[in-house]
1. Sorting check: for 200-206, 26-32, 172-178, which peptide has the highest mean count of neighbouring beta carbons within 10 Å, and how do the rest follow?
2. Need one number: nm distance between label points at residue 131 and residue 192, each 7 Å from Cα along Cα→Cβ, rounded to one decimal.
3. What FRET efficiency do you get for residue 185 and residue 373 if R0 is 56 Å and r is their Cβ-Cβ distance, rounded to the nearest 0.05?
4. With the crude spin-label approximation of a point 7 Å out along Cα→Cβ, what separation in nm comes out for residue 29 versus residue 146?
5. Under a 1.4 Å probe, what is the accessible area of the stretch 179-240 per residue, stated in Å²?
6. Multiply the residue gap between residue 433 and residue 319 by 0.36 nm, knock off their C-alpha separation, and tell me the result in nm, one decimal place.
7. How tilted is helix 96-109 with respect to the longest principal axis of the chain? Cα atoms for both, answer in degrees (0 to 90, nearest 10).
8. 5 Å is the cut-off here: which amide hydrogens, built 1.01 Å from N in the peptide plane, fall below it relative to residue 79, excluding neighbours closer than 5 in sequence?
Amino acid sequence: MVRGRVALPGLEPAPGQLGLADGLIAVVAGPEPALAATRELDCGDALLLPGMVDAHVHTSSAAEEGIAACTLAAAAGGVTTVVDMPYDHDRMVADPDAFAAKAAEVEHEAVIDVALWATVPPQGPLEHVVELVEAGACAFKLSTFDTDPRRFPRVPDDQLLAAFGAIARSGGLAGVHSENDEIVRAGIARLRGAGRRDAPAHAESRPAVAETEAIARCLELAGASGVRLHLCHVTVERGVKLARRARGDGVDVSLETCPHYLLLDEEELARQGGEAKINPPLRPRPEVEALWRRLGSGEIDLVSSDHVGWPAARKHGDDVFALASGAPGVELILPLMHDAMVERGLPVSRLVRLLCENPARRFGLWPQKGGLVPGADADIAIFDPQRSWSVDPLALVSRAGWSPYAGRRLRGRVERTIAGGQEVFDGETVLGEPGRGRHVRPGAVAEHAHA
């Protein structure tokens, strides 16, 4: 039995108890009378939050990280389920054999539970879509930008429309990285031609219209095909407005943003150099504030980390265009968002919806994941909302050894993480071993979830 301030769906945390049995939540009760239990964990005034569901994680884009190292860091951050992207350093997961191999790696290496994205080839037949859904793919990631022609390719518009149709017919969910390839490539060429290699040139090469044009295009194709659409890492207010308008026209669309788009702005490129290089890029401060307003109004459905554990060597150099994009974040997303949302007067119940409940619903994992409800997996983040601390990248579990949040002072820290009824993090050490996590599959057609 675990006692503390329990965050139930839609409610603010209140004193209560959780009875656990066989890896599941068996009972949710008030503070009295005490539940009968063979073991009791009294967490005092700490919050008992659902283990976070991080729906956008790249465990294996960096060969130096991988599933084991990423999920160790996740466990230390109160994340008990990640949904792993299909773009690994040595492959993309676009067919049943690659998917089965990835699922087997999860069973062998993961410390916490892992669900999987799949993808589609940039051209050719799409016969594997149904098989991948049947194998347990939570969603299909497609990109309008050619990050890497071998493992993270652009899907041309004709194939994008065909893929949306195939995914819709199979009952799947399509997620998109939305940036106009031609606009970005022209921007990079123009700046390179002018001799620019500095970090701020990265943001200049990828203007907001490159993102919003691609969002609008994907929304139109989703409307024509009937696919359920998820917009990954939206960075600007207009993207949210476009999604709202399309939803009014009947498109089933959800959208996410990430902590870096809420906590950092494009000035970080001048301050931090390549460590602040992310795609899409960080935006000007007015866009950051506009994104917060949309989050506060409930128009952003979920927040994910878009974690990638690049080693520092891939983020440092004289040519920003040659550096890797992305940042580690799975270990910090919960304390970062708690600190920022409390500062802005947003309630814990909203935090839980954005980081736990809504991702689980949209990706078909609810009610197994995302909520402290009877019958759910006993995944619990025990969180001290008053503990103040500073981010020291070398003290984190993450193997990356750097963070764009280095030195940031935060209020609130994960004290323990319980996954499937087992303590996997005790506040100092990750106790879970690689191989204890499972590949989890969507249990039902994913729901649309508004924050």
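1. Those peptides, ordered most packed to least, come out 172-178, 200-206, 26-32.
2. Spacing of the two 7 Å Cα→Cβ label points: 3.7 nm.
3. Efficiency, from the Cβ-Cβ distance: 0.75.
4. In this crude spin-label approximation the distance works out to 6.3 nm.
5. I get 36 Å² per residue for the stretch 179-240.
6. Net length gain for the segment: 37.1 nm.
7. Around 40 degrees separate the two axes.
8. Amide H to amide H, under 5 Å and 5 or more residues apart or across chains, residue 79 pairs with 52.
The values are calculated or read from the model by the stated rules, or taken from the named source; none is laboratory data. Since the model is a prediction, treat every value here as computed from it, not as a measurement. Cβ atoms come from the backbone with ideal geometry, glycine included; neighbour counts cover every protein chain shown. Accessible surface is based on the protein model in full, side chains and every heavy atom, while ligands, DNA and RNA are left aside. Shrake-Rupley method; radii C 1.70, N 1.55, O 1.52, S 1.80 Å.
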